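In what follows, a single structure is set out as structure tokens and then discussed.
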Amino acid sequence: MTVRKTFFATGTAAALATGGLFFTAAPAAAAPGDPACVAAEAELRAALEQAGLEAELVDELEAAVDAVITAQAERDALAVAAAEALTALEEAQANLAAAVEAAAEVDIEAAEAAVATAQAAVDAAAADLAAAEAALAAEVEAYEAAVAVAQAELDAAVAAQETAQEELAAAEDAVVAAEADLDAAVAAQEALDAALAAQVEADAAVAPAQEALDAALAVQVEADAAVAPAQEALDAAVAVQIEAQAAVDAAQAELEAALAVQATADADVAAAQAELDAAVAVQADANAALAAAVAARDAALADDDPDNDAAAEQAVVDAQAAVDLADAAVADAQVALTAAEGVAADAAAVVALEQGELAATQATLDAAVGAATEAQAVLDAALAAQAAADAAVDAAQTDLDAALAAQAEAAAAVAAAELAVQEAGTVADAQAAVEIAIGDRDAAQVDLEEANAAVASAEAALEAAQVEPESLVEARAEVTAAQADLAAAQAARAAAQAELDAQLGLLAAVAAAEEDFAAAQENFEVALAAAVEAQLALDATIEELADLRLALGEVGVDVAELEVLFEEALTACSAGVDIDIDTDTGVIVVPPATPGAPWSPGTTPTSWVPGSSMHSTSVYGTNQGMNVQTAGTGTTDTDGAGLGAVALTGAGLLAATGLVLRRRFSAQN
């Protein structure tokens, strides 16, 4: 069977991702669109299609390549992990060395001795402070006792002063009370004198008030007598007014009826006039129509047409008949208007008669209203006089009542004033009591002044006692100095303890660094072992590829020619990288980020040349070693690498198998 049109189209995901024939895991591969790469791929593809391989062999080749790529990815990941573990180990070793160097001068015994010495100084300073405080307490006790005695004397003087102040206040209150009693006695006597004078005036006012009431009562009797005749005269005038009003109302009703008849007659006259006007208008129209018919007839007779003559003559006859009817209607309307005007004249005469009667009755009513008005005025005057008399009587009675009440109040005031005079006592007795109270107050004032002087003296004594003696001041200074010494000793003790704690911390850091180093070394050993196992697995998959390459030769494929084409395609399209692990020596070959520079874990290698490397070795522990090899730029024949710069991660099918076969050949020879 012929090879498929696209040899590796169903290959690994890496082949599909790069778009070419080469299975590469390195992100630094050349772009598939590069002209040289596209040309080399096309030439190689053509050679594979011409080889005529069986489909089953192609499938085996693709599966073997996928296995190599998967194994290589696992190997690379584990190799990077081992390199990172090596970096962690180097960091742990550096940290341990730094911790050991930092703890090189640690002297725990000396630091503990310094702490003990500082503690002894603290104890001594504390004892000195206790002695100074005891001496100070004794001085303070003596000082406070002297101050307490002076304070007690001052308290006694203040108590005496307060007593004197209270006695003076009581004496002043007694003076105020006595003066108030004197004022009350004087006021009571004056009130009695005034009440007696008011009583005399009240008694004199009663008689004139009684006389005024009697005169008002006489006037009231006369006013009451004048009211009844005035009321009778008003009643008679009102009766006449009522009759006159009834006559006026009747005349008014008859006048209104006559006016209604007159209004109806005037309406009839207006209607008859309107009918006459309408009839006259119809008459005028009929006469105009007759004149027009006559003119039309004359015209018809003039044109010698017998037919027109007859019609015109008939029109004249009809127009004349209409004129006759209109004349009759005008005559009838004139008769009706004349009759209506007669009725209206009669109605107007009746209205004039009724208006005269109404005027006469209205004059009678007006006279009756005038008489009633006069009678009402007379009655109003009488009633006003009666009301004025009543008011005068009420006022006179009020004045008399007021005079009697004032007389009674004056008598009561006199009695109350006499009682008040009896209660207040005489003015002479009150004056004597005031003089006695003033003497007591003066004596209390002298006692208070003496008490104030005693308080001032006691206060001065207390101030003198409160001044601290020299011995107390010195005792306080001793305590302050002792406190400062104790503080200094405690600071020295704290510094010594801090130094001891720091040295203990350095020793703890060394122990922790040792533990970290041991853990890092164990992690590195595990990672290295895993990387070696992955390399062995990768070698096994490459061996399988080598067997398939031999099968290509057995079916007649020109392997040498395909290999040349692979090398050219790799040179044009691949910038492959690789990490190699020597499973016999445990050496990991890691290509650098740039040619000739050390490789850093976590970065992507860019190139590797089999057999050309430089070794730098760091040994940790007693029996474990690891070589980190960085690739150079030269080439050697050590491994019989016929593909030159081909890296396993970027190798094609024939390049990978060719490398394995050359190694086998070199081993056999």
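Bear in mind that the values in this text are calculations on the coordinates, not laboratory data. Quick caveat: nothing in here was measured; it's all calculated off a predicted structure. Every residue, glycine as well, gets a Cβ built from its backbone with ideal geometry; the counts of neighbours run over all protein chains shown.
Ala359 versus Ala402, label points 7 Å from Cα toward the beta carbon: distance in nm?
6.3
If you plug each phi of the range 437-452 into the Karplus form 6.51 cos²θ - 1.76 cosθ + 1.60 with θ = phi - 60°, what whole-Hz ³J(HN,Hα) values come out, in order, with x for Gly and Pro?
Going residue by residue, I get 5, 5, x, 5, 5, 5, 5, 5, 5, 5, 4, 5, 4, 5, 5, 5 Hz, with x marking Gly and Pro.
Run the simple label-point estimate for Glu243 and Asp429 please: 7 Å along Cα→C-beta, distance reported in nm.
Placing both labels 7 Å along Cα→Cβ, they lie 9.3 nm apart.
If you find the alpha carbon centre of the range 249-316 and of the range 425-450, how far apart are they in angstrom?
For the range 249-316 versus the range 425-450, the Cα centre distance is 138 Å.
Through the Karplus equation 6.51 cos²θ - 1.76 cosθ + 1.60, θ set to phi - 60°, convert the phi angles of the range 283-296 into ³J(HN,Hα) values in whole Hz; use x for Gly and Pro.
4, 5, 5, 5, 4, 5, 5, 5, 4, 5, 5, 4, 5, 5
If we sort 533-545, 92-104 on the protection proxy, mean other Cβ atoms within 10 Å, highest first, what's the order? Provide the component values of the computation, followed by the final result.
Numbers: 533-545: 18.2, 92-104: 15.2.
Ranking, from highest mean packing down: 533-545, 92-104.
For a protection proxy built on the mean count of beta-carbon atoms within 10 angstrom, sort 407-418, 140-151 highest first, please. Kindly include the intermediate steps, with their values, before the conclusion.
Working: 407-418: 15.7, 140-151: 13.6.
So the peptides 407-418, 140-151, ranked by packing, come out 407-418, 140-151.
With point charges of +1 on the Cβ of Lys and Arg and -1 on the Cβ of Asp and Glu, referenced to the Cα centre of the range 120-428, which listed residue (Val261, Ala157, Ala197) lies farthest in the positive direction of the dipole?
Val261
What's the center-to-center distance, using Cα atoms, between the range 141-210 and the range 462-521 in Å?
74
Nearest 0.05, what FRET efficiency do Glu522 and Ala560 give at R0 = 60 Å with Cβ-Cβ as r?
0.75
Checking the a/c ratio against 1.5 first, then a/b against b/c, what shape does the Cα gyration tensor give for the range 120-428?
The shape class here is oblate.
For the range 120-428, with the dipole built from +1 on Lys and Arg beta-carbon atoms and -1 on Asp and Glu ones, taken about the Cα centre, which of Ala226, Val335, Ala171 lies farthest toward the positive end?
Val335
Using a 7 Å offset from the Cα along the Cα-to-Cβ direction at both Ala102 and Glu543, what is the distance between the two label points in nm, to one decimal?
Going by the 7 Å Cα→Cβ label model, 5.1 nm.
Along the Cα-to-Cβ line of Leu196, 7 Å from the Cα, sits a label point; which residues in the range 414-430 have backbone N less than 17 Å from it?
In the range 414-430, the label zone of Leu196 (backbone N under 17 Å from the point 7 Å along Cα→Cβ) covers 414-428.
Roughly how big is the range 120-428's charge dipole about its Cα centre, with Cβ charges of +1 (Lys, Arg) and -1 (Asp, Glu), in debye to the nearest 20?
In total the dipole reaches around 1020 debye.
Is the C-alpha gyration tensor of the range 325-476 telling us rounded, prolate or oblate? Criteria: a/c under 1.5 is rounded; beyond that, a/b larger than b/c is prolate, otherwise oblate.
The shape class here is oblate.
Residue by residue through the range 252-260, which ³J(HN,Hα) values in whole Hz follow from phi under the Karplus form 6.51 cos²θ - 1.76 cosθ + 1.60 (θ = phi - 60°), with glycine and proline marked x?
5, 5, 5, 5, 5, 5, 4, 4, 5
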